[in-house]
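**Student:** Here it is, the structure, as C-alpha cells.
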Amino acid sequence: MAHMIDAEMLRVFTAELELCKVKPGETVAVLSAATTRSDYAQTFMVAAQTLGANVFHVNVPDHATANKAGVIGKTPLAGNRSAIEALKAADMLIDLMGLLFSSEQLEIQAAGTRILLCVEPLHVLKQMFPTTEQRSRVELGVEYLQKASELRFTSAAGTDIRYSLKQYPVMSQYGYTDTPGRWDHFPSAFLFTQGNDDGIDGTVVLMPGDILCAFKRYIQDPVKMTVKKGYITAIEGDGIDAALIRDYIDSFRDPRAYAISHIGWGMHERANWYHMMATGKLQEERVMNALSFYGNVLFSTGPNSEFGGKNDTACHLDIPMRNCSLYLDNQQIVDAGKIVIPELKAAGW
Ligand SMILES: [Fe+2]
C-alpha cells in the first residue's frame, strides 16, 4: 500500500526538525521496528530532506521486547552491528522504536549523534509541541538542580524523602535536541537526576490520582513505600495498588528492581494530568502528558544505568505525583504541586 504524506504531519515534523537545527549537508537517520509508525518514518524523511539533509531509514524486525511498557533496555537493535554503525555515522537519529536505557543508545550518543525519540500519536505531538521558551525554563531548572547537594520532597499525605546528590549528572527533556550526542523525547518538558548510591532515605506515600505509568493507571488507594539507602524496604497499603506494585516488582525476581531511580519535576504548562483519563488509554498513546505535567514530582524506581550507574534492572516504574513540595538544599522549588521560583514559572501559572 502506498503511503500518502499527511500535510499536517509534515508541517509538525518540519517545525520539529527546524527546532533541532537540521541543516543542509547533515545526515539524518530514522530507526523503526517492523511496520510500527511507518507513516512517521516516511514523513520525517521528507521533512529532513526538505531541510537539505541526507536521509536514510534503518528498519529492523520487531520482537516482543520492543517498547513493552515497564520493561526496558532490551531492543531489536541489540547485536545488529552493521545497523548500529550506520546510525553512529548520522548527525541525528530519529528513534521511532525506543532505544532508551539500552547500551546501543549510549554507544550511538557517544559517537556524537543526537537522538530524538518520537512515539506519541500526532495529536499529542501537537498538543505538547515544544518551544524555545520552555527549553530556557527547563535549562534554568537544570542549573538549580546541578547546584544542589540534597533534594527533599514532602507531601501532606506523609511523604518525606531525601536524596543526596552530586554523584550522577542532571538530565533535561524539553522535546527537541540541537546538541551533538544529546538525547531528547518529542514531546516532553521535565528535568531529573539520580540520588547517590546508598544516599536515598525516607518515606513516599502515593495518593489517589498519582499515576502508575507502567499500568496507565491512576492510583486509587494510598501506598506507603519505605526507602532505606536507595532501596525500597516495604510497600504497604490495604488497597489494590500496593498489591499491584508489590506483585509487579517481585515478578522480575531481581533485588535491584527495588532500587530508587530518577527524581525531578515536570514543567510542561500544556501537558495535562487528566489526559490519560480522557484519551491516554488508547493503545497508541504513551505517557508524556503524565511525565511532563506542570508541577508534578516525578518519582521513579528501578535502574540508574541511564546516568552511568551499575543498576540496569529491566523493572522501571515512573510515578508522577501531585500536590508534593520539593526542596533543593532547603530552597523551596515546588509547593504542593505549584512551582514557586518566579524564573521557573510558565506564563500564567
Ligand atoms: Fe523513567
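The values are calculated or read from the model by the stated rules, or taken from the named source; none is laboratory data. Because the structure is predicted, anything quoted here is derived from the model rather than measured. Note that we place each Cβ from the backbone using ideal geometry, even for glycine, and neighbour counts take in every protein chain shown. Please note that ligands, DNA and RNA were not included when accessible areas were found on the heavy atoms of the full protein model with its side chains. Shrake-Rupley method; radii C 1.70, N 1.55, O 1.52, S 1.80 Å.
**Student:** Say we look at the stretch 33-58 and pick out the residues that are modelled with pLDDT of 95 or more and of a type in the set (S, T, N, Q); which of these is surrounded by the most Cβ atoms within 10 Å (Cβ to Cβ)?
**Tutor:** Going through the qualifying residues, I end up with THR43.
**Student:** Can you pull out the residues in the stretch 282-300 that are polar (S, T, N, Q) and under 13 Å from the mean Cα position of the chain (by Cα)?
**Tutor:** ASN289, SER292, SER300
**Student:** Checking the conditions here, which among LEU145, LEU106 is crowded, with 17+ Cβ neighbours inside 10 Å, under 18 Å from the mean Cα position of the chain (by Cα) and among the aliphatic types (A, V, I, L, M)?
**Tutor:** None of the others qualify; the one that does is LEU145.
**Student:** Please find, among LYS281, LYS338, the residue that is free of Cβ contacts under 8 Å to residues at least 60 places away in the same chain and among the basic types (Lys, Arg).
**Tutor:** Going through LYS281, LYS338 in turn, just one is free of Cβ contacts under 8 Å to residues at least 60 places away in the same chain and among the basic types (Lys, Arg): LYS338.
**Student:** Taking only the stretch 190-207 into account, find how many residues are in contact with a Gly (Cβ under 6 Å, 6 or more places away or on another chain) and either closer than 16 Å to HIS316 by Cβ or within 16 Å of the ligand (Cβ to nearest atom) (or both).
**Tutor:** So the answer is 4.
**Student:** Looking only at residues in the stretch 232-257 that are out of contact with any helix residue (DSSP H, G or I) (no Cβ under 6 Å at 6 or more places or on another chain) and within 26 Å of PRO169 (Cα to Cα), which one is nearest to the ligand (Cβ to nearest atom)?
**Tutor:** Only one residue fits best here, namely ARG256.
**Student:** Among the residues of the stretch 59-79, write down those that are open to solvent by 50 Å² or more (accessible area, probe 1.4 Å) and at pLDDT 90 or above.
**Tutor:** Within the stretch 59-79, ASN59 is the sole residue that qualifies.
**Student:** Which condition breaks for THR177 when tested against (1) touching a Lys or Arg at 6+ places or on another chain (Cβ under 7 Å); (2) over 30 Å from ASP91 (Cα atoms); (3) away from the ligand (no atom under 16 Å from the Cβ); (4) modelled with pLDDT of 95 or more?
**Tutor:** In the conditions (1) touching a Lys or Arg at 6+ places or on another chain (Cβ under 7 Å); (2) over 30 Å from ASP91 (Cα atoms); (3) away from the ligand (no atom under 16 Å from the Cβ); (4) modelled with pLDDT of 95 or more, THR177 misses (2) alone.
**Student:** What is the one condition in (1) assigned to a helix (DSSP H, G or I); (2) in contact with a strand residue (DSSP E or B) (Cβ under 9 Å, 6 or more places away or on another chain); (3) at pLDDT below 95; (4) of a type outside the set (Phe, Trp, Tyr) that GLY141 does not satisfy?
**Tutor:** GLY141 satisfies all of (1) assigned to a helix (DSSP H, G or I); (2) in contact with a strand residue (DSSP E or B) (Cβ under 9 Å, 6 or more places away or on another chain); (3) at pLDDT below 95; (4) of a type outside the set (Phe, Trp, Tyr) except (3).
**Student:** Filtering the stretch 174-211 down to residues that are without any contact (Cβ under 8 Å) to a residue 40 or more places away in the chain and touching a strand residue (DSSP E or B) at 6+ places or on another chain (Cβ under 8 Å), which residue is nearest to ASN323 (Cα to Cα)?
**Tutor:** PRO208
**Student:** Please go through (1) under 21 Å from ARG152 (Cβ atoms); (2) more than 16 Å from the ligand (Cβ to nearest atom); (3) among the charged types (D, E, K, R) for ASP210 and return the number of the only condition it doesn't satisfy.
**Tutor:** Of everything listed in (1) under 21 Å from ARG152 (Cβ atoms); (2) more than 16 Å from the ligand (Cβ to nearest atom); (3) among the charged types (D, E, K, R), ASP210 misses just condition (2).
**Student:** Here's something else I'd like to know. Looking only at the stretch 109-136, which residues are in contact with a Gly (Cβ under 9 Å, 6 or more places away or on another chain), surrounded by fewer than 21 Cβ atoms within 10 Å (Cβ to Cβ) and within 27 Å of LEU317 (Cβ to Cβ)?
**Tutor:** Scanning the stretch 109-136 gives a single hit, GLN109.
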